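Below is one structure, written out as structure tokens; the observations come after it.
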Amino acid sequence: MSTNMKRRIFLKGSMAASALGVAVGAGLLAPRAVLASWSKEAFTAKELPAAMNALFGSDQAEESGEIKIKAPDIAENGAVVPITVSTDMAGVESIAIVASNNPVPLIANFVMGEGGQGFVSTHIKMGKSGDVVALVKAGGKIYSAKKGVKVTIGGCGG
């Protein structure tokens, strides 16, 4: 590799690092804000009521037809199950996704910003067949909906 090529690579890397440093310094990138609110107790709980208590302070949720869960009826591979949760409820604060038969049922909790849309889409792991439960916190109350998913090959080591 020529000296000119090495110099260009060095300059590109230096400029990228400088831009990143400026963004962090200006407060445009704040990783602590993203990581600030995760509940270890909720994500390590072996039972859904314990996870809900740690996450929401209550294990009670009201079933709602306003929550839509899009998931396959049959998941060929439990390691990659596409899930979409959406709702038109006003004041959505968070959306949590639970796989009821997983060893640790709470999969994800998405905290929405003020005025955020009630929509999340992700891929989850399911160890075996069971319900996918969406928990939506809106207006200070917890609402739920569920959909059964049959798993042919488990994604949690089974």
Practice prompt. Go through the stretch 55-88 and give me each residue that's surrounded by fewer than 13 Cβ atoms within 10 Å (Cβ to Cβ) and in a strand (DSSP E or B).
Written response: Glu62, Glu63, Lys70, Ile74, Pro82
Worksheet entry | Residues of the stretch 54-109 satisfying the condition of being in contact (Cβ under 8 Å) with a residue 60 or more places away in the chain and of a type in the set (S, T, N, Q) | Ser58, Gln60, Ser64, Asn77, Asn109
Worksheet item: Does Asn109 satisfy being within 17 Å of Ala42 (Cα to Cα), at pLDDT 90 or above and either surrounded by fewer than 18 Cβ atoms within 10 Å (Cβ to Cβ) or more than 13 Å from the chain's Cα centre (by Cα) (or both)?
Response: no
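Please specify each residue of the stretch 93-114 satisfying the condition of being assigned to a loop (DSSP other than H, G, I, E, B) and either over 18 Å from Glu66 (Cβ atoms) or not assigned by TED's automatic domain parsing to the domain that holds Asp131 (or both).
Let us first name the residues in the stretch 93-114 that are assigned to a loop (DSSP other than H, G, I, E, B), namely 100-105, 112-114.
Across the stretch 93-114, the qualifying residues are Ser100, Asn101, Asn102, Pro103, Val104, Pro105, Gly113, Glu114.
The values are calculated or read from the model by the stated rules, or taken from the named source; none is laboratory data. What you see is a predicted model, and the numbers here were worked out from it, not measured in a lab. Note that each Cβ is placed from the backbone with ideal geometry, even for glycine, and that neighbours are counted across all protein chains shown.
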